[in-house]
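Student: Please see the structure below; I have some questions.
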Amino acid sequence: MLSHIAFTQKYVPMNSDHHTPSKENFAIITRRLLFALLIGLITLNLAPPTEAQEPRIRFERITLEQGLSHGTVFSIVQDQEGFMWFGTQSGLNKYDGYDITVFKHNSMDPNSISNDNAGNLFIDRAGIIWIGTWGGGLNRFDPRSEQSTTYLHDPANPRSLSSDRVQTIFEDSRGDLWVGTSGGGLDKLDRQHKTFSHYQHDPANPNSLSHDRVWRIVEDSGGLLWIATSDGLNKFDPATESFTHYKHNPADPNSLIDSLVRTLYVDWSGTLWVGTETGLDRLDPDTETFIHYTNDPNDPHSLSDNIINAILQDSAGNLWVGTSQGGLNKFDWESETFTRYLNDPLRANSLSNNDVRWILEDRAGVLWVATRGGGVNKFVPSLEKFIYMGHDPLNPNSRWKQDHPTHVFAAKPFRGYGQLKSVPWDDFHMDDCRSIIPLIFPAQGIKG
């Protein structure tokens, strides 16, 4: 049986007569949908087991063809107005759902961004976008005025930014803005005076930062900061300004799996997940030991790749893991196994590139995936439960053997509730609708 999730690009024009469906019609359609989903679940349960394979999720791609300034996207944020911002290797990109506006450095404009390699984005609670550039320092970008203020390293000023290569940015629960650099350690910005406090590795001080390349910063429920570096995981107590180190110990199988830590994530339960160069770790807070998840070439349900770039738990509770060569993984909490989503050159709607750099869920529940070389992908993970319930013409053994389905029920958000519309199959064109969820029914229809 074939499963599909479909994402398309234009809204279906609807008659004003359909803008306010009657309660009776809505109830009938709802019953039909519930019945259809029940049949789909029964069909899935009766289906014979098959070999493990990649689910057929369809990703919508945003690439150079749509106006993206570069195929390598390192980070994604959503501003307070709902616009999406992509930090790329060649400019800052603003996406309104249709068009992309590109912001680049302009030597004639002091309010432009300072460097086109503007990959590391963070949006603070005031709606300001902070841009970590690779060679142009830190930028404070106001999305309303589209003006930028630049913070640069000044060798003559010890309170300036410690390095012009900014790897990561984070605002904690106290409102402090932290800047992780490559080579300059960890900085804290004094916004009033526009100066920085520095936290750097000191070989003579075991309580200092373990390494001066900082990859990621997160905060736990107790207000402690966790900092990923090229030589260990650091726990930072802002009250004492001291660091506790966690590193790989070959003699201890429960130690951190690798000291090169690339990313961090705190899930709903407060558990810290650690992405390294050798696999994914989960910290047990009671024992301060680590549980390891790694790739096993003989197990298709293991992690697809050991180099971890991104981790996210979505609003449905799914944990997603982005890898350097193995695409996107979804973690199953019960079995502690992974489902893989990979690039398939034969499928235009597969993941565009297997090097995943960032994962973000927007306020509408859409998952955005940034890749190195493949631009941006998006899809709605909660729609995996919607099943293609018609005959597959390429598979004569599919359960529904009619020539083709007769109707499609399409659902899209409308004025705060779900707008449902029945569309004859012969009149339904996927290219003429946007944000549509097709539910395809068998030709004999569903009584109700």
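Bear in mind these aren't lab numbers, they're just calculated from the coordinates by the rules spelled out. Note that the structure is a prediction, hence the values are computed from the model and not measured. Glycine gets a Cβ as well: all are built from the backbone with ideal geometry, and neighbour counts include every protein chain shown.
Student: Rg/Rh for the stretch 111-256 to two decimals, with Rh computed the Kirkwood way over all alpha-carbon pairs.
Tutor: Values: Rg = 15.6 Å, Rh = 15.7 Å.
Here Rg/Rh amounts to 0.99.
Student: At a Förster distance of 45 Å, what's the computed FRET efficiency of N298 paired with T244, Cβ-Cβ distance as r, to 0.05?
Tutor: Details: r = 37 Å, r/R0 = 0.82.
Result of the calculation: an efficiency of 0.75.
Student: Could you work out the mean projected area of the convex hull around the alpha carbons of the stretch 60-374, in square nanometres to one decimal?
Tutor: On the way: hull surface 69.9 nm².
Approximately 17.5 nm², given one-decimal rounding.
Student: Take the cross-link list K104/K378; K94/K194; K194/K235; K235/K378; K247/K378; K247/K330 and give me the ones stretching past 29 Å between alpha-carbons. Intermediate values should be presented prior to the final figure.
Tutor: On the way: K104/K378 24 Å; K94/K194 27 Å; K194/K235 26 Å; K235/K378 33 Å; K247/K378 35 Å; K247/K330 26 Å.
As for pairs spanning more than 29 Å Cα to Cα, those are K235/K378; K247/K378.
Student: For the pair T149 and D362, how long in nm is the line joining their label points, each one 7 Å along Cα→Cβ?
Tutor: 2.9 nm
Student: Could you size up the charge dipole of the stretch 60-374 around its Cα centre, putting +1 on the beta carbon of Lys and Arg and -1 on that of Asp and Glu, and report it in debye to the nearest 20? Before the final figure, lay out each step's value.
Tutor: On the way: 24 positive and 44 negative charges, 159 e Å.
Roughly 760 debye, rounded to the nearest 20.
Student: Ranked highest first by average number of other Cβ atoms within 10 Å, how do 151-162, 111-122, 134-145 line up? Walk me through the numbers on the way to the answer.
Tutor: Details: 151-162: 14.9, 111-122: 22.8, 134-145: 18.2.
Descending packing order for the listed peptides: 111-122, 134-145, 151-162.
Student: On to the next question. Say the dipole of the stretch 126-266 comes from +1 at the beta carbon of Lys and Arg and -1 at that of Asp and Glu; which of H211, G127, G185 then lies farthest toward its positive end?
Tutor: Farthest towards the positive pole: G127.
Student: I would also like to ask the following. At most 13 other Cβ atoms within 10 Å and a DSSP loop assignment: could you name the trypsin sites (Lys or Arg not before Pro) in the stretch 281-390 that fit?
Tutor: Numbers: sites: R282, K330, R340, R347, R357, R363, R372, K378, K385; in loops: R347, R363.
Within the stretch 281-390, the qualifying trypsin sites (Lys or Arg not before Pro) (loop, at most 13 other Cβ atoms within 10 Å) are R347, R363.
Student: May I pose another question? For the pair S107 and E334, how long in nm is the line joining their label points, each one 7 Å along Cα→Cβ?
Tutor: 6.2 nm
Student: Placing +1 on the Cβ of each Lys and Arg and -1 on the Cβ of each Asp and Glu in the stretch 60-374, which of G270, P300, S112 has its Cα farthest towards the positive end of the resulting dipole?
Tutor: S112
Student: Trypsin sites (Lys or Arg not before Pro), restricted to the stretch 94-135: which are DSSP loop and have at most 11 other Cβ atoms within 10 Å? The partial results should precede the final answer.
Tutor: Values: sites: K94, K104, R125; in loops: K104, R125.
Counting only loop positions with at most 11 other Cβ atoms within 10 Å, the trypsin sites (Lys or Arg not before Pro) in the stretch 94-135 are R125.
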